Every structure is written in C-alpha cells, then in structure tokens.
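See structure below.
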Amino acid sequence: MYARVLRPLVVSVGELRIISPSVTVPEEITLSNPLAPAALAGKRILVTGSSRGIGADTASYFAEAGADVVINYRNKAARAEKLAATLREHNVRVITVQADLTDADSVAAMLETISTEFGGLDMLVLNASGGMETGVAEDYAMVLNRDSQVNLLTQALPLLSDGARVVFVTSHQAHFIGTVPTMPEYEVVALSKRAGEDALRELIPVLQKRSIGFVVVSGDMIEGTITATLLERANPGAIDQRKESAGRLYNVSEFASEVALAATELIPADHTRYVGDVSFFTRR
C-alpha cells in the first residue's frame with residue numbers, strides 16, 4: 001500500500017541539494033541514516049540538547065556512522081542514559097553530561113568532563129534552544145539563544161581540533177526575521193535566535209584561522225518538536241496553517257538527517273544550509 005508521507009526526495013546537482021516538497025513512497029519505508037557506515041569513525045561530537053527530539057536523532061545518526069558522542073541534557077538524566085545505552089550498541093563511546101547552557105559554571109564543568117573522557121572535540125552541534133517556556137525570566141530567550149551559544153563555542157575552542165566543524169541549528173522564522181515577520185508567539189525566540197546566529201557568525205574569522213568550519217542549518221517549523229507543541233498550544237491551528245502555506249513540514253528525523261549531513265558535506269559560501277522550501281521567505 002502506498003501513501004503520501006512526509007519524506008524528502010533529495011537530488012544532488014554538483015554542490016546544490018534540491019529537496020522536493022513531498023514524494024510518494026511505501027508506508028513501511030523509514031528514513032535511513034544519511035551518513036555512510038564509518039563515515040565519522042573516530043570523530044568526537046558534542047550535540048547540545050540531545051536527550052530528545054532533533055538532537056537525539058542527530059546524535060543517533062552520528063553514532064551509527066561511527067562517531068563518539070556526547071549527549072548533553074539539562075534535567076532528563078534517565079532519558080539521556082537510555083539513549084546512550086542504545087547508541088553504545090554501535091560500538092562507539094557515548095557519554096551523557098548534564099549542563100544548563102545558561103550557567104557558565106555548568107558549561108565549564110561539562111567541557112572539563114569532555115576533555116577528560118574524550119580529550120577533545122571534532123564537532124560541535126549547537127542544537128539546544130528555547131524561550132517559549134513559562135515561568136522564565138524576561139531575557140531568558142536572549143540569554144539562552146545568543147549569549148549561551150557564544151559562550152559555549154568560545155569556551156569549547158581549546159577542545160576543538162584544527163579542521164573541526166561547528167553547526168548551529170535554527171529556523172527559517174528566526175533566520176529571516178529581519179525581513180519576514182513571524183507569529184507573535186514566536187517573535188521573541190526568533191529575534192534571539194537570529195541574534196545568536198549573528199553573534200556566532202562574527203566568530204567565523206577566528207574559526208577560519210584554525211580551519212574550523214561553521215554552518216547554519218535553517219529549517220521551517222518541525223513537526224513533533226517541543227517548540228511546535230508550544231506554538232500550537234499558544235496559537236491553535238498555527239502548525240496546520242504553516243503546513244498549508246509551505247506545502248509540507250519536516251518531521252524530527254527528517255530534519256535531523258539534514259543536520260547530520262551538514263557535519264560532512266561542503267559548507268555553502270554563505271555558511272547557510274537551507275532545509276526545505278524558502279520561497280515564502282525570499283520572495284518579499
């Protein structure tokens with residue numbers, strides 16, 4: 001039986017990756033790892049916010065491809081350990097490290113653990129973000145999505161090997177916030193994510209001195225993420241409206257596969273990897 005499902009068709013033409021809005025495939029087909037076996041053998045990778053969602057799936061792709069992985073979590077130790085146990089079945093080293101990225105001391109302790117256990121890093125995936133939570137300080141989104149990202153990268157520089165790669169995960173709504181307004185419920189997060197992206201881009205010359213690559217992975221709303229859930233709760237129907245406008249929305253595993261590919265493929269000249277259609281954001 002065939003059904004129309006959310007599965008991207010990717011066609012490579014030179015360095016250009018074309019991702020179709022949708023394709024009809026057998027229902028029983030699941031998204032496989034986009035990375036070749038052993039493609040990352042021996043690489044040491046930290047993925048922030050990786051006990052669930054996009055971070056967890058990205059870490060899984062890395063481990064399946066032979067990488068040693070650091071699973072970072074804030075307060076869900078049991079969930080992080082369960083994921084780690086699964087990933088260790090791929091005969092790779094996996095450690096879980098608790099750290100609140102908004103706490104400088106917590107970040108320093110995490111990096112010290114990584115240094116002791118792994119001796120360094122070959123890749124840093126800045127996936128953790130937030131700002132829509134209730135009961136947080138007014139400036140929490142900016143502290144987490146800008147200040148904490150810059151602090152982590154700066155503090156991690158001594159651990160990053162020459163030729164390493166840094167990946168920053170964001171949304172189209174944040175990346176294009178300067179020219180395309182977003183829904184009010186997400187605006188504070190979008191502005192802080194864009195501020196974080198801009199601040200990280202300012203570090204590119206520093207990274208380039210050591211041949212460390214930097215790439216931003218920007219995607220639309222991702223179905224199944226906590227952000228999408230919170231947006232839907234604050235603005236019922238928002239996800240369906242965006243899906244109708246975009247034609248399709250990626251799910252967690254699909255988007256994570258693009259984040260994983262960003263770890264190995266050539267970095268675009270503008271240091272930005274767009275996932276899915278961006279015509280809505282660029283035609284204005």
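Assorted remarks:
- Here GLN155 passes the criteria (1) in contact with a Ser or Thr (Cβ under 6 Å, 6 or more places away or on another chain); (2) modelled with pLDDT of 95 or more except the one numbered (1).
- Inter-residue pairs, beta-carbon under 8 Å, first in contact (Cβ under 8 Å) with a residue 12 or more places away in the chain and closer than 14 Å to GLN173 by Cα and in the stretch 264-277, second surrounded by 15 or more Cβ atoms within 10 Å (Cβ to Cβ) and of a type in the set (D, E, K, R), 6+ apart: VAL275/ASP220; VAL275/GLU258; GLY276/ASP220; GLY276/ARG248; ASP277/ASP220
- When we screen VAL47, VAL94 for residues that are in contact with a Lys or Arg (Cβ under 9 Å, 6 or more places away or on another chain), among the aliphatic types (A, V, I, L, M) and touching a residue at least 24 places away in the same chain (Cβ under 8 Å), the only hit is VAL94.
- Identity of the residue in the stretch 70-79, among the aliphatic types (A, V, I, L, M) and part of a helix (DSSP H, G or I), that ends up surrounded by the fewest Cβ atoms within 10 Å (Cβ to Cβ): ALA78
- Residues of the stretch 80-96 include at least one that is surrounded by 22 or more Cβ atoms within 10 Å (Cβ to Cβ) and in contact with a Phe, Trp or Tyr (Cβ under 6 Å, 6 or more places away or on another chain).
- Taken over the stretch 116-139, residues that are in contact with a helix residue (DSSP H, G or I) (Cβ under 6 Å, 6 or more places away or on another chain) and not in a strand (DSSP E or B) amount to 5.
- Taken together, the criteria place ALA63 among residues that are surrounded by 18 or more Cβ atoms within 10 Å (Cβ to Cβ), modelled with pLDDT of 95 or more, among the hydrophobic types (A, V, I, L, M, F, W, C) and touching a Leu at 6+ places or on another chain (Cβ under 6 Å).
- The stretch 33-55, residues that are within 16 Å of the chain's Cα centre (by Cα), at positive phi and not in a helix (DSSP H, G or I): GLY49
- Residues of the stretch 127-142 satisfying the condition of being out of contact with any strand residue (DSSP E or B) (no Cβ under 6 Å at 6 or more places or on another chain), crowded, with 16+ Cβ neighbours inside 10 Å and closer than 21 Å to ILE54 by Cβ: ALA128, SER129, GLY130, GLY131, MET132, TYR140, ALA141
- Cβ separations smaller than 6 Å between residues 6+ apart or across chains give no pair from the stretch 28-44 residues that are within 10 Å of ALA63 (Cα to Cα) to residues that are at pLDDT below 95 and buried (at least 17 other Cβ atoms within 10 Å of the Cβ).
- Just one of the listed residues (THR86, THR96, THR58) is among the polar types (S, T, N, Q), assigned to a strand (DSSP E or B) and either under 23 Å from LEU111 (Cβ atoms) or modelled with pLDDT of 95 or more (or both), and it is THR96.
- Tally of residues being assigned to a helix (DSSP H, G or I), touching an Asp or Glu at 6+ places or on another chain (Cβ under 9 Å) and either polar (S, T, N, Q) or at pLDDT below 95 (or both) across the stretch 99-115: 1
- Residues located in the stretch 112-126, provided they are buried (at least 21 other Cβ atoms within 10 Å of the Cβ) and either farther than 17 Å from GLY42 by Cα or touching a Leu at 6+ places or on another chain (Cβ under 6 Å) (or both): LEU121, LEU124, LEU126
- Filtered residues of the stretch 262-284 (kept if touching a helix residue (DSSP H, G or I) at 6+ places or on another chain (Cβ under 9 Å), not in a loop (DSSP other than H, G, I, E, B) and not polar (S, T, N, Q)): ARG273, TYR274, VAL275, PHE280, PHE281
- Evaluated against (1) assigned to a helix (DSSP H, G or I); (2) touching a Leu at 6+ places or on another chain (Cβ under 7 Å); (3) modelled with pLDDT under 95, GLN173 falls short on exactly one condition, (2).
The values are calculated or read from the model by the stated rules, or taken from the named source; none is laboratory data. Computed from a predicted structure; not experimentally measured. As a convention, Cβ positions derive from the backbone with ideal geometry for all residues, glycine included, and neighbour counts pool all protein chains shown.
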